[in-house]
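The values are calculated or read from the model by the stated rules, or taken from the named source; none is laboratory data. From a predicted model like this one, the values you see are computed outputs, not experimental measurements. Note that we place each Cβ from the backbone using ideal geometry, even for glycine, and neighbour counts take in every protein chain shown.
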Amino acid sequence: MGALGKPIILMVAMYLFLKFVLPNIPGSAPLPSSLIFLYLLLTASGIVIYETLSGESKDAFWGPMQRFLTGEGSGGLQVLRYGVLILFPLLVGWETYGSTASSDLPPTEGRTIHPAPPGEYTGLSNPVPKTPDNIMQGKGFYAAFCSPCHGGNFDGKGPAARGFNPPPANFADPTTIAMLQESYLFWRIKKGGVGLPIEGAPWKSAMPRWEVELPDEWIWKIIMGEYDGAHQSPRTWE
Amino acid sequence: MERINLHEPGNKGEEQRTGSEWCRENEASMKPVNHIMKQVLRSGAAVITAMVIGSVPFSFAQESVAVRAALVTGGLPLDDPNAAAWSSAAPASFPMSPQVHWPNRIQEVTVKDVSVRALHDGKQVAFLLEYSDPTQDPDDAAAFEFMVGDKKAHFAHGQPMLQVEGGPVNIWFWKNKAGKAVDMSAKGFGTLKPQAHQDVNAKGAYSNGTWKVVFSRNLSTEHPEEDVQITPGQFISIAFAVWDGRKDAAGELVEKGSQKSVSSWWYFRADAPPDYSSYMYAAVAVALALGFQFVLIRKLKKGQ
């Protein structure tokens, strides 16, 4: 058997108890695996400490701990000692409760705001010449199609914005279009919310899929008008 | 003051030692026990702090992101939008937008917020939808939408997503002049149709410029592919739509079909019956920790 035999038997017994005996106690239920893990960890650290205590070389390490925990010669630390001895089990209990009590909060869904675009939408440049006329036209399209959500002031506060979660992007904010290339906007405007990959939570986005309503040329003009109106410029890779 | 200053250089020197130096000295002389003791206490403190931080609940989430159905015994107000029982259910309120997401759009709608309450008894669920509407019209209508199954569905009638495979939605539709609910399914625009199995009831009551509409259904049905299945304790995605049935000067309905007031996805949950098992788990953990301390201290005392 050797020195390893006893700890292993103990761990297995503990596991079997947690897995098969405890759930059969009336009013109980199968334990979540995270909890079984926590209990086993506690047991294991107990065993490790118990076993390592015998070696003489460990005396130096355990000496002060020993004096503190056994309360021998710890003098003024007595209060602290009781504090630790009471607090530690309570914390373990609290932690256990916290990790097993069912949460009352809705699931939080992290949403990546700027996920990677599909390959064919990287590095496209705006084919529409940047003339005052085209910018004007783009702003006109923006006012007609985008401003209900993104706002006449490009601030995301359009008259239709309030019910949408996530809210329509605020183009005046430096963390939206100022961080993005025109090519990226082209993708987002063409494909809309439903074109997002899973990390962008496409099922929640109200951003329309404009490719079914607007020709590409209009979209490029809108992009121009959008940057101009929001006083931002597209990100470029120098 | 001065004493501290005198000691400082020494302390600093100690702290600047590298790890390997430590080991060597440790093996050789076993002297710096105090330092190790400090390390042990410090890491212990770190662990305890981590545990405390880890268990602090994040309680600043907005209440209105979820409709919660409290578990009640002794009957649900299935038919009665004005029942006293509703006052015991906490309302959650949700902002609405005119539907400008796909054609046909509408730029202005009457209803800008809805308030929703829910109750369940372990078998059935009842929702109370409330909103203000200055006039009662035959075409006033409202709907609930739910995701069905494990796949996410886009909030606009489960319209197809390009990179994610979506699921269907279940829509419970009530219209004033019909005086009942229609249980419907959709998976994409133009696919909305009443189901073969009608499982939902609805009843509306209008007074003082406010609609109160009760929707009810069994928590689970026999058609999980088309009906939302409500499992107490689980959060389910829910969305709302309202049509004000007013007519314009030409006698045409202003809000109809896709021209309506809509919400985004929010959450709904039917409360699970109280579950005390975590108290038991905590008690077991406390007992284990106490046992651990007991064994440890006993062993330490014996060892001396």
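Does B:A241 count as in contact (Cβ under 8 Å) with a residue 12 or more places away in the chain, of a type in the set (A, V, I, L, M, F, W, C) and closer than 24 Å to B:H157 by Cβ? Considered against the rule, which asks whether it is in contact (Cβ under 8 Å) with a residue 12 or more places away in the chain, of a type in the set (A, V, I, L, M, F, W, C) and closer than 24 Å to B:H157 by Cβ, B:A241 comes out as yes. When the range A:5-38 is filtered for residues that are free of Cβ contacts under 8 Å to residues at least 40 places away in the same chain, surrounded by 14 or more Cβ atoms within 10 Å (Cβ to Cβ) and away from every other protein chain (no Cβ under 13 Å), the ones remaining, listed by number, are A:M11, A:Y15. Candidates in the range B:98-114 are the residues that are polar (S, T, N, Q) and loosely packed, with under 13 Cβ neighbours inside 10 Å; of these, the one that is farthest from the other protein chains (Cβ to nearest Cβ) is B:N104.
Only residues that are under 30 Å from B:T135 (Cβ atoms) and in contact with a strand residue (DSSP E or B) (Cβ under 6 Å, 6 or more places away or on another chain) were counted across the range B:232-246, and they come to 6.
Regarding the range B:87-97, can at least one residue be identified that is more than 16 Å from the chain's Cα centre (by Cα), more than 13 Å from chain A (Cβ to nearest Cβ) and without any contact (Cβ under 8 Å) to a residue 12 or more places away in the chain? The answer is yes; a qualifying residue exists. Filter the range B:266-278 down to the residues that are at the interface with chain A (Cβ under 7 Å from one of its Cβ atoms) and modelled with pLDDT under 95 and list them by number. Those that are at the interface with chain A (Cβ under 7 Å from one of its Cβ atoms) and modelled with pLDDT under 95: B:A272, B:D275, B:S277, B:S278.
Conditions tested, residue by residue: (1) assigned to a loop (DSSP other than H, G, I, E, B); (2) under 17 Å from B:A186 (Cα atoms).
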position	(1), (2)
B:E222	yes, no
B:E225	yes, yes
B:V228	yes, yes
B:T231	yes, no
B:A239	no, yes
B:G245	yes, no
B:A250	yes, no
B:E255	yes, no
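Residue by residue, here is whether (1) facing chain A (nearest Cβ under 8 Å); (2) buried (at least 21 other Cβ atoms within 10 Å of the Cβ); (3) not charged (D, E, K, R) holds:
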residue	(1), (2), (3)
B:K212	no, no, no
B:F240	no, yes, yes
B:A250	no, no, yes
B:S264	yes, yes, yes
B:F292	yes, no, yes
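Pairing residues of the range A:84-102 that are at the interface with chain B (Cβ under 7 Å from one of its Cβ atoms) with residues that are surrounded by 19 or more Cβ atoms within 10 Å (Cβ to Cβ) and not in a helix (DSSP H, G or I), at Cβ distances under 9 Å and at least 6 apart in sequence or on separate chains, gives A:T100/A:L31. Restricted to the range A:126-233, the set of helices (runs of 4 or more DSSP H) holding at least 1 residues that are away from chain B (no Cβ under 14 Å) comprises A:132-141, A:182-191, A:216-229.
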